[in-house]
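Participant: Shown below is the structure under consideration.
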Amino acid sequence: TNGLKDIAKRVILGLNGSPEAENRTISLQTGFGGGKTHTLINLFHLAKNGKSLNSNNDLKELFEFTGKPDFKSAKIAVFTNATNDPVQGRKVDGIKLSTIWGEIAYQLGGKESYEIIRENDEAKTAPKGLFKQILEKNKPCLILIDELADYCVSASAVIVGDSNLSDQTISFMQELTEAVSQTDKCVMIATLPASSQELAGTEASARILNALENRLGRVGSEIKPVENEEIFE
């Protein structure tokens with residue numbers, strides 16, 4: 001689809017560090033069946049394989065539109081609504097990852113990058129002014145976040161001081177999008193539902209979705225990967 005080709009172009013230009021790269025924070029917002037998750041899967045393989053794909057004839061037409069990758073392989077962090085339980089977190093390599101910032105830091109740079117925000121992850125408090133350092137250490141990198149609003153609905157039940165993990169996650173999105181915009185060879189893509197009715201359908205879920213839309217829209221752009229008339233095909 002034209003939408004998917006446009007997203008792929010932005011990702012390739014962004015990871016190449018091209019001066020033509022723009023809006024390296026991208027929000028994908030469609031209804032069910034709108035191609036959001038499939039888009040992320042395609043981009044994962046594109047970033048993982050990099051310039052080794054340039055000789056693939058099946059991608060010749062795509063690369064004529066997007067330009068060819070000139071990076072060997074990008075580091076990738078993937079976060080979904082099922083990646084990290086808001087209450088229990090996820091244990092890996094002797095570390096308990098409790099938040100989205102802990103997950104992304106660890107997936108991009110292992111224990112070394114995680115140590116930069118360890119205290120924030122353990123306290124479940126969004127880091128401020130720290131994530132650019134993590135991105136600089138691990139570029140080129142692609143950050144893929146799927147169904148973030150659904151995660152935040154669950155995270156709203158986790159109390160963090162006078163706040164909750166949902167509010168802290170929403171606050172972190174401002175930190176992350178600004179860090180991406182200030183760091184070359186970094187791209188972030190997040191998916192959101194078309195409306196709060198696809199979440200819990202409550203006033204609280206509507207507020208969460210609206211807050212995420214505002215955070216992602218401040219420095220990024222929204223792209224529709226699949227048009228409504230293309231969904232069936």
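Participant: From Ser55, Ser98, grab the single residue that is among the small types (Gly, Ala, Ser), exposed (fewer than 13 other Cβ atoms within 10 Å of the Cβ) and modelled with pLDDT of 90 or more.
Facilitator: Matching residue, one of Ser55, Ser98: Ser55.
Participant: Could you tell me which numbered condition Asn164 fails, if it satisfies all but one of (1) of a type in the set (S, T, N, Q); (2) surrounded by fewer than 21 Cβ atoms within 10 Å (Cβ to Cβ); (3) at pLDDT 95 or above; (4) under 22 Å from Gly109 (Cα atoms)?
Facilitator: (4)
Participant: Let me ask something additional. Might you let me know whether segment 60-80 holds any residue that is in contact with a Phe, Trp or Tyr (Cβ under 9 Å, 6 or more places away or on another chain) and either part of a helix (DSSP H, G or I) or within 15 Å of Gly14 (Cα to Cα) (or both)? Can you show your working first?
Facilitator: In the first step, residues of segment 60-80 are kept if they are in contact with a Phe, Trp or Tyr (Cβ under 9 Å, 6 or more places away or on another chain); the result is 69, 76-80.
Restricting the remaining residues to those that are either part of a helix (DSSP H, G or I) or within 15 Å of Gly14 (Cα to Cα) (or both) gives 69, 76.
The answer is yes, given that some residue of segment 60-80 is in contact with a Phe, Trp or Tyr (Cβ under 9 Å, 6 or more places away or on another chain) and either part of a helix (DSSP H, G or I) or within 15 Å of Gly14 (Cα to Cα) (or both).
Participant: Here's something else I'd like to know. Just to verify a result, which residue in segment 1-38, among those that are of a type in the set (Ser, Thr, Tyr), at pLDDT 85 or above and under 21 Å from Glu147 (Cα atoms), is surrounded by the most Cβ atoms within 10 Å (Cβ to Cβ)?
Facilitator: Among them, the one singled out is Thr25.
Participant: Then there is this: Within segment 128-136, is even one residue free of Cβ contacts under 8 Å to residues at least 12 places away in the same chain and not hydrophobic (A, V, I, L, M, F, W, C)?
Facilitator: For segment 128-136, residues free of Cβ contacts under 8 Å to residues at least 12 places away in the same chain and not hydrophobic (A, V, I, L, M, F, W, C): absent.
Participant: Check off (1) open to solvent by 70 Å² or more (accessible area, probe 1.4 Å); (2) within 22 Å of Arg24 (Cβ to Cβ); (3) part of a helix (DSSP H, G or I) for Glu122 and give me the number that stays unchecked.
Facilitator: Of everything listed in (1) open to solvent by 70 Å² or more (accessible area, probe 1.4 Å); (2) within 22 Å of Arg24 (Cβ to Cβ); (3) part of a helix (DSSP H, G or I), Glu122 misses just condition (2).
Participant: Being modelled with pLDDT under 85 and open to solvent by 70 Å² or more (accessible area, probe 1.4 Å) is the filter here; which residues of segment 184-209 pass it?
Facilitator: Residues satisfying the conditions are Gln197, Glu203.
Participant: Considering only residues that are surrounded by fewer than 13 Cβ atoms within 10 Å (Cβ to Cβ) and either assigned to a strand (DSSP E or B) or in contact with a strand residue (DSSP E or B) (Cβ under 7 Å, 6 or more places away or on another chain) (or both), which ones fall in segment 81-91?
Facilitator: Lys91
Participant: Mind checking which residues of segment 141-155 are assigned to a loop (DSSP other than H, G, I, E, B) and crowded, with 24+ Cβ neighbours inside 10 Å?
Facilitator: Of everything in segment 141-155, nothing turns out to be assigned to a loop (DSSP other than H, G, I, E, B) and crowded, with 24+ Cβ neighbours inside 10 Å.
The values are calculated or read from the model by the stated rules, or taken from the named source; none is laboratory data. In this text the structure is predicted, and so the values were computed from the model without any measurement. Counting neighbours? That spans all protein chains shown, and the Cβs are built from the backbone with ideal geometry, glycine included. Just the protein is used for accessible areas: all its heavy atoms, side chains included, with ligands, DNA and RNA removed. Shrake-Rupley method; radii C 1.70, N 1.55, O 1.52, S 1.80 Å.
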